[in-house]
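Structure, as C-alpha cells:
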Amino acid sequence: MPQSIQHPARLVPTAFLVAILVGTTLLMLPISRAGPGGAPLLAALFTATSAVCVTGLIVQDTPTYWSGFGQGVILVLFQVGGFGIMTGATLLGLLVTRRLKLSSRLIAQAETKSLSLGDVAGVLRLIFLVTIAVELVTTAALAWRLRYGHDYVWSDALWQGFFHAVSAFNNAGFSTYSDSLIGFALDPLILAPIMAAVVIGGLGFPVLFELRQTVRHPARWSVHTKITLLGTALLLVAGLAATAAYEWNNPKTLGAFEWPGKLLNAASHSVMARTAGFNSIDIGEMRIETLAVTYALMFIGGGSAGTAGGIKVTTFFLLGFVVWAEIRGQRDSTAFRRRIGTHAQRQALAIVLLSVGAVAGGVLMLLSVTSLPLEDVMFEVISAFGTVGLSTGITGGLPPAAQLVIIALMFIGRVGTITIASALALQERNVLFRYPEERPIVG
C-alpha cells in the first residue's frame, strides 16, 4: 500500500469510502429491495452513505422499500460507521494479538481522538464493551415494552428493539417505522431508552473512558470531559426549554398533548436534534423559531470521538471561552483553571470556519437546483452536514443533483473537515523562519 494512503489522515476517509461502496453494491442487489428488481444506483448510494455516516436521511422509505435483507445491510452499515472502521479493525487485531503496533495505534488515535497514544488500547476495549452493553440493554428494554405494551410477538419485538437500539446508540436515526417514533410519542418507556442510548453514544469514548477511571473524583476530570459534560447538559436543557416554549400551543406538534406529553416530546426533540435523527413529532409542522433553534443544535452536535456529528460540543464551548477571555481583556483563554493551548484554539476556529463554508456552499447549491424555501434547504443541509438525519420532509423529492450534494455533505460531516484537510496535505513542512509581526485592524 502506498505510504501516503497508509497515513491515518487518509486511511480513515478511504476506509469510509470503501464501506460506502460495499454498502451501495449490496443495496443494489435484488434481494435487498422489497419490490421487483434492484435499487437504482443513486438510491443505493444515498442510503449507504447515510448509513455509514450515521445520518439517517432517506430518499426511500426504509420499512417499505427495503427487504429484511436490505434492512439488515443498513443496520450493519451504521453499526460499522458508528463503531469506526479503523477502530473496529484495530480492535480485532488487539483481540487476536493482544498487542498493538505503533502504526495501528496511530490509526486508531486518528479515529478515536484519544487523549494520548497510551490510552488507545483502553479506549478500544471500552468502545467494544460500551457498544455491546448499551445496545443489549436498550434492546431488552425496547423489546419488553413492545411485547407487553404494544402486543408485538417476541420475534418482531426483538428485531424492532435491536434495530432501534443499534440505530440510537450510533446516532444513526434510521427507523423501521415510516413515521419514525411519532407512533410512540406518548410512550416514555420507548422514548426514554432511545434517548439514553443517544446521549451515551454522543458523549464520546474518551469521556466515557475517563469517567470509568475517575467517576468518583470530578476534580480529576480533564478539561475536555468537563466541557463535554457541562456543554451537553446545557444544550439539552436549552433545547428542551426552547422547543417547549415555541411549540407548546402548536396544535400540529406539542399542542396536541397534555403537559407530560409536551415535556416528554420537547426533551426527545432536544436529544434527537443533536445528531440522532429520530423524531416523535412532525418536523415539517414546527414553527420557524423552533427550526432556527434546531439549526444551532444540529450544527453544534455532540461530543468528540463519539457517534455524534456536528462541530462538536468542545469546539463550540472552547471558542466561547476564547471570546469570554477577549471580552475581559485577558491574555490567556482559560477553562476550569486551565489555560487553553493556542493550537486547540486555532483548530477549533478552523473547524468552525470550514464547517460554515461547507454549510453555506451546500445551501447555495441546493437553492440553485431546487425551488424549495430557504428554511427547508438550510435545515436539510445542516442536518446532512451534522449527520443528524432530521428533515422537514423534502429529502425524498430532491432532484439527483441535490441528492449528490447531500451525499457529499454527509461524508464531509462524518469524516470531519479537519481530517479531510489533513488528508489533502500530508506532508508537514517545518518553516525555519518567521515573518515580522503586524496587527491588522479587526472589527
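Every read-out reported here was derived from the displayed coordinates using simple, explicitly stated rules and does not represent laboratory data. What you see is a predicted model, and the numbers here were worked out from it, not measured in a lab. Because the Cβ atoms are built from the backbone with ideal geometry, glycine has one as well, and the counts that use them run over all protein chains shown.
Tabulated results
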| item | result |
| --- | --- |
| Integer Hz, Karplus 6.51/-1.76/1.60 couplings in order for the range 398-405, x for Gly and Pro | 5, x, x, 4, 5, 4, 5, 5 |
| Cut-off under 5 Å, modelled amide H: who pairs with G309 long-range | G302 |
| For the range 214-354, the spread of Cα positions along each principal axis, largest first, Å | 51, 37, 29 |
| For the chain: relative contact order, % (alpha-carbon pairs under 8 angstrom, 6 or more apart) | 18 percent |
| Extension gain from R346 to L211, taking 0.36 nm per residue of separation minus the Cα-Cα distance | 45.9 nm |
| Whole-Å distance, taken between Cα centres, linking the range 316-369 and the range 249-313 | 23 Å |
| Under-5 Å amide H pairs with A335, H placed in peptide plane, nonlocal only | I340 |
| Estimated Rh, the chain: Kirkwood, alpha-carbon pairs, angstrom | 22.5 Å |
| Cβ crowding within 10 Å averaged over residues, with 130-139, 431-440 ranked highest first | 130-139, 431-440 |
| Phi-based couplings in Hz for the range 255-261 (Karplus 6.51, -1.76, 1.60; Gly and Pro marked x) | x, 7, 10, 6, 4, x, x |
| Ranked by how many other beta carbons lie within 10 Å on average, peptides 371-382, 211-222, 295-306 from highest | 295-306, 371-382, 211-222 |
| Options A384, V369, V322, ranked by Cα towards positive dipole end of the range 319-419, top entry (Cβ charges) | V322 |
| Centroid-to-centroid separation of the range 194-223 and the range 139-180 [C-alpha atoms, Å] | 25 Å |
| Normalised convex hull volume, the range 283-394, alpha-carbon set, Å³ per residue | 119 Å³ |
| The chain - mean residue ellipticity at 222 nm from DSSP helices (-39,500 (n - 2.57) per run, n ≥ 4, rounded to 500) | -21000 deg cm²/dmol |
| Cα-based radius of gyration of the range 220-276 once divided by 2.2 N^0.38 Å, which approximates compact folds | 1.35 |
| Rounded to whole Hz, the Karplus (6.51, -1.76, 1.60) HN-Hα couplings of the range 68-75, x for glycine and proline | x, 5, x, 5, x, 4, 4, 4 |
| Amide proton proximity set for W66, modelled H, under 5 Å, gap of 5+ | A34 |
